[in-house]
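Inspection log for the structure reproduced underneath, given as structure tokens.
The values are calculated or read from the model by the stated rules, or taken from the named source; none is laboratory data. Just so you know, these numbers come straight off a predicted model, no measurement behind them. Here the Cβ is made from the backbone with ideal geometry for all residues, glycine too, and neighbour counts use every protein chain on show. Each accessible area value is taken on the protein alone, full model and side chains, heavy atoms only, with ligands, DNA and RNA left out. Shrake-Rupley method; radii C 1.70, N 1.55, O 1.52, S 1.80 Å.
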Amino acid sequence: MSIDLSVNIGALKLKNPVLLASGTVGYGNEIAQFTDLSKLGGIVTKSLSLKPRKGNPPQRIVETPSGMLNAIGLANVGVEVFIKEKIPFLKELNTTLICNIAASTIEEYVECVNILKGEETIKAFEINVSCPNVKEGGLEFGNDINAVGRITEKVRAATNKPIIIKLSPNVSRISDFAKTVKQNGGDAVSAINTLVGTSFDINTRRPKIKNVTGGLSGPAIKPIALAKVLEIKRNVDIPIIGIGGIMNWKDAVEFMIVGASAIQLGTVNFINPNAGVEILQGLEEYCRKNSIEKLSSLTGSYQI
Amino acid sequence: MYIEKAKVESIEKINEQTFLLKLFSPSIASSAKPGQFCNVKVSERTDPLLRRPFSICNVEGESIYFLFDIHGEGTKLLSHKKFEDEIEILGPLGKGFVYDGSYETAVIVAGGLGTAPFPFLINRLSKDKKVAAFVGARSKNLVLQHGLKNISVATDDGSVGFHGTVVDLLKKEISSIAKNKFRIFGCGPNPMMKALQKYAMENNFDCQISVEAAMACGFGICQGCPIEASDGESYLLVCKDGPVFDAKKVKI
């Protein structure tokens, strides 16, 4: 039986639902030494900002029970260097490239999209409104439903390419944010970004990461992420890319059942850089065993 | 770089807290360079979640060695590994020591477990080079001499050798070494590396230091292990640009 693994995220067609998450694959070159990226549905680049960002001082990461906290501070090369130095490699990868953008003003989001939209290799934009580790101009876009609406609207007006808004879980009702994205013309949402957390050294009484708080990721957040995806699925008709602590194909199936059309792998890439390919094989096997002809039929197939 | 399932060939306790682990790892053994490291998966569970980075202590045929202390949950699990257990290791990673050149003496300055990368370095040095190893530890029972030669010891409590830091010992002995052209290779806790770097730079010594940092992936994708470049303009990554740096290139 040949299984159809392809999925659609609005207008974005992917050969399969396995994507690698922003901030966990850099610009593709390092992880390509360990895995065949051409087999995957796509990769989402490290958040790009208009100008290069140095990122936060060390210590940036700390391990926690079944998870980790990070406060990288959006270290990135900036859009210009990205086009000049990173696109040529990414072009040859034969996988769908989604470009993640972070900014500190609405205008900056639009400017980034305007600079990047002419690049044919970029098939969609993922807009990071929810980095928990960078606060500029007193704005935390991810918590501000009006700002998320405005960013979606302005970026929508700037490009015809699919727009995915990456949502923060650090809000009381994530589905309201997804609704705003839909109303303002966004094609899809990614859920979830990391949860704000911290960790202290009991001897020095100091925070273990310099930024004091960081974003929690890894298997520790999976139940929360699943609940957020389910909440969006039950309340808003918009494609969802599920993210949060996926370690293996069973986790991926679980996300699809609660409503994800595709999934992103994050922290697992740090431990097993070939996880994407292995999860894809697991998904195919699961379909075969359960006589599922189209993997996309799993999406939202929960029985409640 | 490889992800290799390596079988434990031996695991030996060499002092009250340090273990020497020997693994059959032909791909990594044939490609590793002194000063490089591997990121080791200590368990199949999700807690502890991350791999643990260890310097490659030595290479012998198709086997590699790691030296490690029990430091937390991860290293405790590693210490429980038995003959023929499989351990998944990723490596070799990072940039190692630059050890060719016209100097005559390789001056090794190591603190605590910082001796780990040097047996491999000594093995690969050309035969005409002399070695002078300075080893520091808190006290006598923690001094590591495995795989080193021509060793001078310093202890914080004076229980053996020089009473003081290993960098102070180096300062005391430098006149006898400086008769010949030398290069310093340092590895140890960051405060010690900072002291060594300061001393080397003040005297314009040729010096390479191996630094440590918390890290997740070990090959550049998580961006978790920054170290500031000496110009203060940018961060380098310990995993990918290091762990060995020219002492002039970074701020510790």
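Charge dipole (Cα centre; +1 on Lys/Arg Cβ, -1 on Asp/Glu Cβ; no other charges) of chain B amounts to roughly 440 debye. The share of alpha-carbon pairs in the stretch A:35-75 lying farther apart than 14 Å comes to 64%. About its Cα centre, the dipole of the protein assembly as shown is roughly 440 debye, where the only charges are +1 on Lys and Arg Cβ and -1 on Asp and Glu Cβ.
Across the stretch B:2-93, Cα pairs under 8 Å and at least six residues apart give a relative contact order of 42 percent. Of the cross-linked pairs B:41/B:251; A:54/B:249; A:161/A:222; A:46/B:240, those separated by over 24 Å at the C-alpha level are B:41/B:251; A:161/A:222. In the context of the full set of protein chains, the stretch A:202-282 has a per residue accessible area of 38 Å² (1.4 Å probe). Assign one of three labels to chain A, namely rounded, prolate or oblate, based on the Cα gyration tensor with a ≥ b ≥ c the square roots of its eigenvalues; rounded applies when a/c is under 1.5, prolate when it is not and a/b is larger than b/c, and oblate otherwise. Taking the square roots of the gyration eigenvalues as a ≥ b ≥ c, chain A is rounded. Of the options A:5, A:40, A:189, report the single residue whose Cα projects farthest towards the positive end of the charge dipole of chain A (beta-carbon charges: Lys, Arg +1; Asp, Glu -1). Most positive-ward Cα: A:189. Principal axis analysis of the Cα atoms in the protein assembly as shown yields extents of 77, 51, 45 Å, listed in decreasing size.
Given R0 = 22 Å, the distance between the Cβ atoms of residue B:198 and residue B:231 translates into a calculated FRET efficiency of 0.80.
If R0 is taken as 60 Å, the Cβ-Cβ distance between residue B:249 and residue A:303 corresponds to a FRET efficiency of 0.50.
Between B:158, B:214, A:225, the Cα set farthest toward the positive side of the dipole of the protein assembly as shown (charges on each charged residue's Cβ, about the Cα centre) is that of B:158.
Interface size between chain B and chain A, please: total buried accessible area, 1.4 Å probe, rounded to the nearest 100 Å². Summing both sides, the interface buries roughly 2500 Å².
Derived scalar couplings between HN and Hα for the stretch A:17-31 equal x, 8, 10, 9, 7, 4, x, 10, 9, x, 10, x, 5, 5, 6 Hz in order, rounded to whole Hz, by the Karplus curve 6.51 cos²θ - 1.76 cosθ + 1.60 (θ = phi - 60°), x for Gly and Pro. Rounded to the nearest 10 degrees, the inclination of helix B:166-177 to the longest alpha-carbon principal axis of chain B is 50 degrees. Taking amide hydrogens as placed 1.01 Å from N in the peptide plane, the amide H of residue B:222 sits under 5 Å from those of B:217, each at least 5 positions away in sequence or on another chain. Element breakdown for the protein assembly as shown at a 1.4 angstrom probe: carbon and sulfur atoms account for 48% of the accessible area. Each Lys or Arg adds one and each Asp or Glu takes one away; over the other residues whose Cβ falls under 12 Å from the Cβ of residue B:123, this sums to +4. Screening chain A for whole DSSP H helices of 15 Å or more along their axis (Cα) with average Kyte-Doolittle hydropathy at least 0.0 returns A:106-116, A:145-158. Between residue B:13 and residue A:198, the FRET efficiency from the beta-carbon distance, with R0 = 60 Å, is close to 0.95. Each principal axis of the Cα cloud of the stretch B:2-93 was taken in turn, and the coordinate range along them, longest first, works out to 30, 29, 25 Å.
Peptide A:75-82 has a mean of 1 when you count, residue by residue, the C-beta atoms of other protein chains within 10 Å of its C-beta.
Per-residue SASA remark: residue B:102, around 80 Å² accessible (1.4 Å probe; ligands, DNA and RNA not included). Counting only other chain Cβ atoms within 10 Å of each residue's Cβ, the peptide A:23-29 averages 3.
Straight-line cross-link reach from residue A:228 at under 22 Å between alpha-carbon atoms covers these lysines, not counting any fewer than eight positions away in the same chain: A:166, A:179, A:182, A:250. Shape class for the stretch A:87-127: prolate, because the ratio a/c of the largest to smallest gyration tensor axis (alpha-carbon atoms, square roots of eigenvalues) is 1.5 or more and a/b beats b/c. By the rule of a C-alpha distance below 19 Å, with chain neighbours fewer than 8 residues away ignored, the lysines paired with residue B:140 are B:13, B:149. Computed from Cα positions, the angle between helix B:190-202 and the longest principal axis of chain B comes to roughly 30 degrees. In the protein assembly as shown, if the dipole is taken from +1 on Lys/Arg beta carbons and -1 on Asp/Glu beta carbons about the Cα centre, which of A:24, A:209, B:123 is farthest to the positive end? It is A:209.
Size descriptors for the stretch B:105-210 (Cα atoms only): Rg and Dmax, in that order, 12.5, 36 Å.
For residue A:208, neighbours were defined as the other residues whose beta-carbon sits under 12 Å from its Cβ, and their charges (Lys and Arg +1, Asp and Glu -1) total +2. Each Lys and Arg Cβ is given +1 and each Asp and Glu Cβ -1; about its Cα centre, the stretch B:2-93 then shows a dipole of about 160 debye. DSSP beta bridges fully contained in the protein assembly as shown are about 50 percent antiparallel. Under the shape rule built on the C-alpha gyration tensor, where the axes satisfy a ≥ b ≥ c, chain B is prolate, since a/c reaches at least 1.5 and a/b is greater than b/c.
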